[in-house]
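This report refers to the structure that appears directly beneath it.
The values are calculated or read from the model by the stated rules, or taken from the named source; none is laboratory data. The structure displayed is predicted, hence computed values, not measured ones. Cβ coordinates were reconstructed from backbone atoms using ideal geometry, including for glycine residues, and neighbour counts include every protein chain displayed.
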Amino acid sequence: MTDQSELRLRMLHAAETQLSASPEHDISTRAVCEAVGVGQPVLYRLFGDKAGLLSALVDHGFDRYVQRKQALATTDDPLDDLRVGWDDHIAFALENPAIYRLMFSPMLARQPAAPRTVFKLLTATLERCAEAGTLRVPPEIAAQQIMSANIGVALALLVRPDIYTDPDLSARVRDATFAGCVSRPSKETEGGSTALTATQLAARLRRNPAPSLGAEEQQLLLKWLDGLGE
């Protein structure tokens, strides 16, 4: 790590510490510089301005979040992996309340690109659910349902803990959300409904394209299958 990279990281840590301690959930560039022992021109050179520092802090938070997600074990049961992923998201939010609120703030001057990576990680698990025949809707639709609910619960617990006092709230919303898009195989569903079968076939086709189909034919087939799966 270069001296400049180390200094940049120290300033990010100082900004996060200040953000966590601030009742207004804000930072002062002057206080960040004083904590690190540098002048404000250094901050402007590294981050541009306060908005740039906050954007960098958001990226830093998402880097930690993505690394944590990628470190989760992948098992033979994608539904259990999905449940673990939800619970870990809530745990990250509760362990890092200040930076989590900033990561998902609609007031950022620049919206980060990292949520797309997070979305892809979730979709990959849902693709495995689809291949197992347990996904009721296309993976991208299920990912939107689950991610929006997961973020909503996390923010509710952080912003208004006085209202959302049920200790089992996250688990209740998780199970209700999952029930709308995934299901455990049962004797009644082993044959597969049209939607389940279409979603399963689409997931397998995306992973292993049919050699007998051209690119346009495959895209058309996937469009039909996704339509049947909705």
Scan region 4-16 and tell me whether some residue there is surrounded by fewer than 16 Cβ atoms within 10 Å (Cβ to Cβ), among the acidic types (Asp, Glu), over 27 Å from MET147 (Cα atoms) and out of contact with any Asp or Glu (no Cβ under 6 Å at 6 or more places or on another chain). yes
Among the residues in region 76-98, are any aliphatic (A, V, I, L, M), more than 24 Å from LEU126 (Cα to Cα), assigned to a helix (DSSP H, G or I) and in the same structural domain as THR165 (by TED's automatic domain parsing)? yes
Which condition does ALA51 not pass, out of (1) in a helix (DSSP H, G or I); (2) over 15 Å from LEU102 (Cβ atoms), if it passes all the others? (2)
Output yes when any residue across region 91-110 is within 24 Å of PRO167 (Cβ to Cβ), hydrophobic (A, V, I, L, M, F, W, C) and free of Cβ contacts under 8 Å to residues at least 12 places away in the same chain, and no when none is. yes
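In region 14-30, how many are among the β-branched types (Val, Ile, Thr) and over 12 Å from LEU54 (Cβ atoms)?
Total satisfying the criteria: 1.
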ILE146 - would you say it is exposed (fewer than 15 other Cβ atoms within 10 Å of the Cβ), hydrophobic (A, V, I, L, M, F, W, C) and modelled with pLDDT of 95 or more? no
Considering each residue of region 95-104, count those that are in contact with a Phe, Trp or Tyr (Cβ under 9 Å, 6 or more places away or on another chain) and farther than 15 Å from ALA21 by Cα, and give that number. 1
Read through the list (1) at pLDDT below 90; (2) over 21 Å from SER183 (Cα atoms), then give the number of the only condition that VAL137 fails. (2)
Matching residues in region 111-127 - criterion: being of a type in the set (A, V, I, L, M), in a loop (DSSP other than H, G, I, E, B) and in contact (Cβ under 8 Å) with a residue 24 or more places away in the chain: none
